[in-house]
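Take a look at the structure set out below.
The values are calculated or read from the model by the stated rules, or taken from the named source; none is laboratory data. Everything numeric here is computed off the predicted structure, so don't read it as measured data. Here the Cβ positions follow ideal geometry from the backbone for every residue, glycine too, while neighbour counts run over all protein chains shown. In case anyone asks, the SASA skips ligands and DNA or RNA and just uses the protein heavy atoms, side chains included. Shrake-Rupley method; radii C 1.70, N 1.55, O 1.52, S 1.80 Å.
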Amino acid sequence: MTKMENDFPRFVRNSNMDLFDQLRAFVATAQSGSFTGAATQLGISNRLTSKYVAELEQRLGLRLFQRTTRKVGLTPAGSDLLSRAPALLDDLDDLLADVSDSSKGLSGVVRISAPITFGEVYIAGMLARFAEIHPGITIDLRLSDAFSDLAAEGIDLAFRIGRFDIASLKVRRLGTFESLPVASPDYLARVGRPETPNDLSEHSCIVDTNRRNPKRWTFEQNGTQVVAQIEGRFHVNSASAAVDLTRRGLGIAYVPSFALCGALDRGELVRLLESHTGERGDVAAVYLEGRTLPQKVRALIDFAVLDFGTTRSI
């Protein structure tokens, strides 16, 4: 065990209140690589930033940075402290926010990640309804079809569809969705309607490369799984783009029901193979395991569960 590992708990227990300012200055300096960058991030002067870091090093009796004229680099003790300090500061911020929220209402920023199409057609509206109830909350929504690294990107909560079996995440399931084969009336009038999944091989299909097996569409009928091997001129990585191309009569798409946005009800698209069940997937809220969940994030998850179940059908 290093000296810092022996000393650090003692200093936390016996510290002055400005220890947390010193830790914030240390973390900001380590993350930005300079005192100037840390000062800008914290909104304080370079001199005060340097002073806080020097005081922290004096407390610990350790050098946390190797300083040069251009930048600062972490010592082994500094690297050890950086692996632990951000979580400590986050827990402190969450504790203070929870105490404040319990008397004044929820406040602060909630950073959220979601897939692009699902985020646009459902999550954005759900967050607007949540924010209307909690005017002190600021929403930071980041849409991407790539899985976000919640810890590295500072994401409080991610909404995901399909698979999310990652050991470091806790999962709150919201519901399920079904993928549906659809085409435009114009396409069907020109080419004809497939009667079985095997008929899809004779049609031009829109290939969604976000799917795990983009050219294998799986269906179920009477408990038996049927797999259709498809081909098509258009390859896209967006369910919304697949729907748009299908509206234009360019082929058959196999898309999550939430991506259709009422196109079936308006008659713009027609559901195919109605005697077959399409692929189903889960919708869930996920967050990091092992961290105390802030009250504002817990409230958002609870709201999403109710909103998903009562106001949306996907």
Only one of Ser275, Ser257 is out of contact with any helix residue (DSSP H, G or I) (no Cβ under 6 Å at 6 or more places or on another chain) and over 23 Å from Glu202 (Cβ atoms). Can you tell me which? Ser257
Any idea which of Arg193, Arg173, Arg160, Arg142 is farther than 23 Å from Val110 by Cα and either buried (at least 17 other Cβ atoms within 10 Å of the Cβ) or touching a residue at least 24 places away in the same chain (Cβ under 8 Å) (or both)? Arg193
Can Val110 be described as within 22 Å of Leu89 (Cα to Cα), among the aliphatic types (A, V, I, L, M) and touching a Ser or Thr at 6+ places or on another chain (Cβ under 8 Å)? yes
For segment 237-265 the number of residues that are basic (Lys, Arg) and either part of a loop (DSSP other than H, G, I, E, B) or closer than 20 Å to Gly281 by Cα (or both) is 1
Within segment 214-262, track down each residue that is on the phi > 0 side of the Ramachandran plot, surrounded by fewer than 14 Cβ atoms within 10 Å (Cβ to Cβ) and of a type outside the set (Gly, Ala, Ser). Asn222
Taking the condition of a type outside the set (A, V, I, L, M) and either outside any strand (DSSP E or B) or at pLDDT below 90 (or both), does Ser100 pass? yes
Which members of segment 266-302 meet the condition of being within 18 Å of Ala151 (Cα to Cα) and part of a loop (DSSP other than H, G, I, E, B)? Glu289, Gly290, Arg291, Thr292, Leu293, Pro294
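Listed here are the residues, each with its yes/no results for (1) surrounded by fewer than 19 Cβ atoms within 10 Å (Cβ to Cβ); (2) under 17 Å from Leu19 (Cα atoms).
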site: Gly37; (1), (2): yes, no
site: Ile44; (1), (2): yes, yes
site: Thr49; (1), (2): no, yes
site: Tyr52; (1), (2): no, yes
site: Arg63; (1), (2): yes, yes
Report yes if Val305 is β-branched (Val, Ile, Thr) and surrounded by fewer than 19 Cβ atoms within 10 Å (Cβ to Cβ), otherwise no. yes
Just checking, how many residues over segment 146-160 are of a type in the set (D, E, K, R) and in contact with a helix residue (DSSP H, G or I) (Cβ under 6 Å, 6 or more places away or on another chain)? 1
Which listed residue is modelled with pLDDT of 95 or more, open to solvent by 30 Å² or more (accessible area, probe 1.4 Å) and among the charged types (D, E, K, R), from Arg298, Arg271, Arg291: Arg271
I'd like to verify a number: residues in segment 72-91 that are buried (at least 17 other Cβ atoms within 10 Å of the Cβ), assigned to a strand (DSSP E or B) and modelled with pLDDT under 90, how many? 1
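Results for (1) among the aliphatic types (A, V, I, L, M); (2) under 25 Å from the mean Cα position of the chain (by Cα), shown as yes or no for each residue.
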site: Asn198; (1), (2): no, no
site: Lys215; (1), (2): no, no
site: Ile230; (1), (2): yes, no
site: Ile252; (1), (2): yes, no
site: Ser257; (1), (2): no, yes
What residue, among those in segment 131-165 that are within 13 Å of the chain's Cα centre (by Cα) and among the polar types (S, T, N, Q), is modelled with the highest pLDDT? Ser144
Under 9 Å between Cβ atoms, which residue pairs at least 6 apart in sequence (or on different chains) link something in segment 49-62 that is assigned by the TED database to the domain that holds Val27 and in contact (Cβ under 8 Å) with a residue 40 or more places away in the chain with a partner that is buried (at least 17 other Cβ atoms within 10 Å of the Cβ) and among the small types (Gly, Ala, Ser)? Leu60/Ala77; Leu62/Ala77; Leu62/Gly78
Just to verify a result, which residue in segment 2-35, among those that are polar (S, T, N, Q) and either modelled with pLDDT under 90 or open to solvent by 80 Å² or more (accessible area, probe 1.4 Å) (or both), is nearest to Lys71 (Cα to Cα)? Ser34
